[in-house]
1. Being more than 15 Å from the chain's Cα centre (by Cα) and open to solvent by less than 20 Å² (accessible area, probe 1.4 Å) narrows it down to one of Pro461, Pro456, Pro440, so name that one.
2. Do we find that Lys167 is in a helix (DSSP H, G or I) and either surrounded by 12 or more Cβ atoms within 10 Å (Cβ to Cβ) or among the hydrophobic types (A, V, I, L, M, F, W, C) (or both) in this structure?
3. Let me spell it out: the conditions are (1) under 30 Å from Ser661 (Cα atoms); (2) not in a loop (DSSP other than H, G, I, E, B), and Leu256 meets all of them except one. Which number is the exception?
4. Which helices (runs of 4 or more DSSP H) does the range 307-410 wholly contain that include 1 or more residues that are under 26 Å from Thr459 (Cβ atoms), free of Cβ contacts under 8 Å to residues at least 40 places away in the same chain and out of contact with any Lys or Arg (no Cβ under 6 Å at 6 or more places or on another chain)?
5. If you go through the range 415-430, how many residues are outside any loop (DSSP other than H, G, I, E, B) and in contact with a helix residue (DSSP H, G or I) (Cβ under 6 Å, 6 or more places away or on another chain)?
6. Take the range 5-17 and flag every residue that is touching a Lys or Arg at 6+ places or on another chain (Cβ under 7 Å) and either exposed (fewer than 15 other Cβ atoms within 10 Å of the Cβ) or in a helix (DSSP H, G or I) (or both).
7. Scan the range 18-34 residue by residue and report those that are farther than 18 Å from Phe56 by Cβ and either exposed (fewer than 15 other Cβ atoms within 10 Å of the Cβ) or modelled with pLDDT under 90 (or both).
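The values are calculated or read from the model by the stated rules, or taken from the named source; none is laboratory data. Nothing here was measured: the structure is a model prediction, and the numbers come from that model. Cβ atoms come from the backbone with ideal geometry, glycine included; neighbour counts cover every protein chain shown. Side chains included, ligands, DNA and RNA excluded: accessible areas come from the protein's heavy atoms. Shrake-Rupley method; radii C 1.70, N 1.55, O 1.52, S 1.80 Å.
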Amino acid sequence: MVRNYNFEKYFDCLLQIVPINIAALVLMTIYRFFFFFYFADFSSLSGLYGDVFRAFFLGFRFDLSVLAYINILPVLIFTVFLAVRDLKSFKIFAAVIKYYYLYIFSVLALLTIIDFGFFTYFNEHINLLIFEAFADDTRAIAATIITDWRFIPAFIVLVSIVFIFFKLVKNTDKRLLNKKNLIAAEYWNIYIKIVIVLIVPCLIFLAARGTVSMFPLGTFYTQISSNAFINKLSIGGAHAFTDAIQAKQEQSQNPLDIAQKFGIDKETINLSGFEKITPVNKEAEAIRPNVVFIVLESFGALPIIFNSADFDVLGELKKHFDEDTVFYNFLSAGSITIHALENTILNMPQRPLAMQITQSPAAYKQFPSAAALPYKTAGYLTKAIYGGSLNWRGIENFFKAQGFDRTYGEGDIKNEHRHEWGINDAQFFELLLRELNADPETPKFIYAMSTGTHPPYETPPDYVPLTINIPEDLKRMMPGEKKYGKKIFESYQFANREAAKFLQAIKNSALAKNTIVVITGDHNLREIAAAVDEELFKKYSVPMYIYAPEKLKKPFNTDIAACHMDIMPTLYDLSLSDTKYTAAGTSVLEKENHIAYNTDGFILSGDNAVLYNIHNNSCKTFKFDAKTKMLSKTEETKEHAEMIEYYKRNLAEADFYLKTSAAKKEKTQ
């Protein structure tokens, strides 16, 4: 029996838990091979076995990460005992640790089996739908699972794994308390011992994090191939379940009833205003144009205001901005990417304090307002392209549910000079142009979102930027920016120049006569802050660029206010004829007074602006100078009151629509 707890016993304890973890790692690897051979469609894997190898290696890293998290607690306790040297407490811990490992590895095995079953039914790893079992008829679901032929083999496997780990950990306490050590560490230099004690927790932390990159290992990293199954091979039940729990916690944060918050009687809510129809458009009927809707990461309008030869952020894109139509009195849906994505895909405003639909069970329901549906009904091929991982926020499932025939992510093109969030903008536009040129006889609606202009603001190593000398006025609006400096605007510039190449390729080809392109930003640069209320518009502003062939051009009034939810109605008017659609926004071609707003309660119309605080129902009112893009405080006018009323009513109706549409869809399934 051990007589004292010292450095030698600490090293011995670490060595004693190694066999348990090796056994777990071997079993996890065996399971991944089984998963691969069980689910893989080998006819689709031709030429992709390099990707398969990468997926297995990434899966090995995921497994190491799981084991590292499991071992953090025991290793920390082993380390603490070096300080306290309490032998009695150590004996208690030695008796308990075997039950800890037996419990935790049993739970891991159970999660793995549940994930396997979940994948069998949904072709997806565990996600938010797992919690629907508790909201639905749980007894019926349990009965279905038990009567499935796979239940008994799965139960036998689970019992067998638990038994294996029981045998492995059975004598752990005796081995830990054995006075004989596995290695003769008493002869080591004391400084070497201290260094090892300090290094071990660091290695555990590194293994848990899984990477030395900016972001820890997660489902975000699994987009490595053009094959969807390969991208699902790396992730395991533990990571999938923790992601689902995190999403569920976010979803459960007291969802706001907007109509109730605004004091609007739900009986008075009328959704007929969302049901619209495009004018008859003979030119569009004849041409059936391709429609490309591009959302560039962090493509804010503010840097464009300062564009000059000395601060050339537009590059060749300026030529296209000068030739075509650009709206500058334009608001982003919110301040993060998912706000823009949901807003434009669902044709509905981003609701304040609401859980993201892409991470809720509603993500798997098709909304009648989905942007792609009018094109799909008109016989278009609908495609969604994302410059990063399609596993980000579950957008692949969301895209498919909302009517996109095909989805593409970073794994669908040779991944050269990848940045932290996905493929660089040159590859993004290469992928977009490739998919636009495919199936030339079929009209296409393509929704494409890039990821390039994002921390850590990387460009390909061979990129030579144009002159970037940041104006002092712009620096002033970026007070918290201490790290990236010119890299921000070089990344922004690079994206714009690649967009210009894409546009020029269209204009130099037959696509010039049958393709409409809209480009906007998901939000402004995150580093830009509004130091005073008078600069609020600059914080939220993004441009909207429109290219249309000569025969499809319309007279635009670029002085009006508009926002993300107005883009799809505008595209419908330009490209479709006498077509019904559902949307909360308004085409910029409409003659009526235009009111734009975003999720933060910033409302813009003509030369008036409002900042509405939904928490306390208070507001600030402003006059808006379209030339300087500055606000000036003023007393509330009739126009301000009408803007506030429109904002409340439109937002409440959209909230009601999104909740009831999902509910109705569930009942019909």
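1. Just a single option satisfies the conditions, and that option is Pro456.
2. Values: in a helix (DSSP H, G or I): yes; either surrounded by 12 or more Cβ atoms within 10 Å (Cβ to Cβ) or among the hydrophobic types (A, V, I, L, M, F, W, C) (or both): no.
It is false that Lys167 is in a helix (DSSP H, G or I) and either surrounded by 12 or more Cβ atoms within 10 Å (Cβ to Cβ) or among the hydrophobic types (A, V, I, L, M, F, W, C) (or both).
3. So the condition that Leu256 fails would be (2).
4. Output list reads 317-323.
5. Here the count works out to 4.
6. Phe7, Gln16
7. First pass over the range 18-34, keeping only residues farther than 18 Å from Phe56 by Cβ: 18-21, 23.
Those that are farther than 18 Å from Phe56 by Cβ and either exposed (fewer than 15 other Cβ atoms within 10 Å of the Cβ) or modelled with pLDDT under 90 (or both): Val18, Pro19.
Rundown of residues vs (1) open to solvent by 50 Å² or more (accessible area, probe 1.4 Å); (2) in contact with a Leu (Cβ under 8 Å, 6 or more places away or on another chain); (3) at pLDDT 95 or above, yes/no style:
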{"residue": "Val280", "(1), (2), (3)": "yes, no, yes"}
{"residue": "Ala286", "(1), (2), (3)": "yes, no, yes"}
{"residue": "Pro289", "(1), (2), (3)": "no, yes, yes"}
{"residue": "Val295", "(1), (2), (3)": "no, yes, yes"}
{"residue": "Leu302", "(1), (2), (3)": "no, yes, no"}
{"residue": "Leu314", "(1), (2), (3)": "no, no, yes"}
{"residue": "Ser335", "(1), (2), (3)": "yes, no, no"}
{"residue": "Ala340", "(1), (2), (3)": "no, no, yes"}
